[in-house]
């Protein structure tokens, strides 16, 4: 375990890794489009992102093999309007 002094930054303390990871989460349609660059269609996400809050950590998004409804991790991470 790191000592308190080892974790401190310039402003009285660095944030723990999990807080930094949450701070870098994908929270918008634009962030998801940028992260999942490649051949995928994001238009079905527009109504979902406007209606439901979305926050997917970059680590978890990196586990998604195909950013589409058929990918099980994508289905768990991104809300959908239909089941």
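The values are calculated or read from the model by the stated rules, or taken from the named source; none is laboratory data. These figures come from a predicted structure and were not determined experimentally. We place every Cβ from the backbone using ideal geometry, glycine too, and count neighbours over all the protein chains shown.
Name the residue, out of 15, 58, that is modelled with pLDDT of 90 or more and either surrounded by 12 or more Cβ atoms within 10 Å (Cβ to Cβ) or closer than 16 Å to residue 73 by Cβ (or both).
58
Filter the stretch 64-83 down to residues that are at pLDDT 85 or above and either in a helix (DSSP H, G or I) or under 14 Å from residue 25 (Cα atoms) (or both), then give me how many there are. Quick ask: steps written out before the conclusion?
At the first step, the residues of the stretch 64-83 found to be at pLDDT 85 or above are 64-65, 70-77.
Filter again for either in a helix (DSSP H, G or I) or under 14 Å from residue 25 (Cα atoms) (or both), leaving 72-77.
Qualifying residue count for the region: 6.
Taking the stretch 23-38, which residues are surrounded by 15 or more Cβ atoms within 10 Å (Cβ to Cβ), in a loop (DSSP other than H, G, I, E, B) and more than 9 Å from the chain's Cα centre (by Cα)?
Scanning the stretch 23-38 gives a single hit, 36.
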